1. Contour minus end-to-end for residue 51 and residue 261, with contour as 0.36 nm per residue of separation and end-to-end as the Cα-Cα distance?
2. Can you tell me the mean projection area, over all orientations, of the convex hull of the chain's alpha carbons? Units nm², please.
3. Beyond a 29 Å Cα-Cα separation, which of these cross-linked pairs lie in this structure: 144/203; 21/97; 69/128; 124/203; 137/331; 229/287?
4. Tell me, in nm to one decimal, what length is gained between residue 81 and residue 279 on full extension, where the rule is 0.36 nm per residue of separation less the Cα-Cα distance?
5. Can you give me the Cα centroid spacing of the range 307-343 and the range 150-207 in angstrom?
6. With labels modelled as points extended 7 Å from the Cα through the Cβ direction, what inter-label distance (nm, one decimal) is found for residue 109 paired with residue 97?
7. Treat every Asp and Glu Cβ in the chain as -1 and every Lys and Arg Cβ as +1, leave all other atoms uncharged, and give the resulting dipole magnitude about the Cα centre to the nearest 20 debye.
8. How do the peptides 258-270, 131-143 rank, highest first, by the average count of neighbouring beta carbon atoms within 10 Å per residue?
Amino acid sequence: MISIIRIIFIVSLLLLSGCIKNEFSIEFNLPADVTANYKISYYASDKRGGMVIETVAPVVNGKFLLKGKTVNPSLIFLSGSGKQSVAFYIERGETLKISGESADPYSWDIKGNELDEQWAQWRKGNAKELALQDPEKTNSLIAKYVTHNSSSPISALMLLTSFSRRDNESLFRRLWLKLSGEARDPKWTSLAGRADQPDNYVKTPGRLRSMAVRSFHHGVDTLRTDSAKASVLFFWYSGFPERREYMDSIKSLAKEYPDSAKRLIADICLEADSIAWRSPLRSDSLKNVVRGWAPAGLADSRLMTLLVPRAPYYIVFDSNGKQSYRGSDTKEAFSEFRSLMKK
C-alpha cells in the first residue's frame, strides 16, 4: 500500500513539473503615453548548455508582453533609450509584471517574485541618484545596501551587475567579503557569468618582490620593490588615444623624484609585437624610467598574479610589495605614490 502511494506521489510530481513550460513572460503595463523600444538580453540555458538571447520589447501605448525561453534561472538585462540599465531575476514559468508612472526603468514596480520586488523598490527609492549615471554615487548606494543586507542575494546581484568594479576595485573586494548566508551561494556568481569573476571567490592581488622584464635600454631589467620607498607600474597598449597624456605625466613624476635608487617607476607595454612596443618609445624621452615589455600581455602569469585587468592601468606598491593603489586614474595613482614616498 505504501509503495502504491509513493508511486502515485512521484507520478503526480512528474505531471506537475511537466506543466511548467520552459518559458517566462515579462508583461509591461505602463502609462498610455509610453511608447519605447527596450533592449533585452539574457542567457537561456539548460543542463546541456545555453546561448545569449538578444531581443527588443516594443512597448506601444504602455503595453507589451514578452515571451522568453529558458530552463535554468536567468538574469534579464533591460536597457532603455538612454543609459538606464536594470537587471531582473527570473525562473521558468514566472511572469514579471512591470508597472510605473514613466518610461524610466529605475522608477518601475516589479511583481512576480520577492527578489525582483525588493530590488525594484531599492531602485525606485534611489531613482534620482541612479539616473545621474555616476559610478561613484552608484557604488556608494550599493555599498550602503550591502553593508545593511549582507546575507541578501540582492547584495550579491547588485555587486555583480550594477557595481562599477573598474572605478573602485578595492571597495568591491571589501563588500564581496562581507557577503554571508544565502548571498554567498555560488549560483549568483554563476548566474551573472562575469569574466572578471569566474567563481565565487574574489582573489587578493599578489605582492611584488621582484620581476624581470625585457627592457628597451638594457635588454632585461629586474623590478624590485623592496629597495624602493614606493613603486608605480604603468601597463599600456599602443595606440590608445590618451597615451601621450599618460606618458607626459609619468615623465613629470620621474623629474619630481629623480633619485631612481629610492623609487621605482616603470611602464610596461603589453603588445605582442616588439615593433608596436619600440616605435613610440624614443619620442617619449622618458629618463630614469624602466621601459618594459611583456609580450604575453594580460596572459603573462606574473601579471595574472598581480591581477592586472586591463590597460591603461596603474599599480602602486609600497616597500613591502603590497599593492596600495589599482586603477587608471593618474591623479589618484600619483597621489598614493607621493604619500608613500613621504613615509
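What follows draws every value from the coordinates through simple rules; no lab data is involved. Just so it is clear, the structure is predicted and the values come from calculations on it, not from any experiment. Neighbour counts are summed over all protein chains in view; Cβ atoms, including those assigned to glycine, are modelled from backbone coordinates with ideal geometry.
1. 70.2 nm
2. Working: hull surface 92.1 nm².
Average of the hull's projected areas for the chain equals 23.0 nm².
3. Working: 144/203 22 Å; 21/97 18 Å; 69/128 33 Å; 124/203 33 Å; 137/331 19 Å; 229/287 19 Å.
Over 29 Å apart, Cα to Cα: 69/128; 124/203.
4. Details: separation 198, 0.36 × 198 = 71.28 nm, distance 4.19 nm.
Fully extending the segment from residue 81 to residue 279 adds 67.1 nm.
5. Each part reduced to its Cα centre gives a spacing of 23 Å.
6. Computed distance between label sites residue 109 and residue 97 equals 0.9 nm.
7. Working: 49 positive and 38 negative charges, 224 e Å.
For the chain, the charge dipole is close to 1080 debye.
8. Values: 258-270: 18.2, 131-143: 15.9.
In descending order of packing, they fall as 258-270, 131-143.
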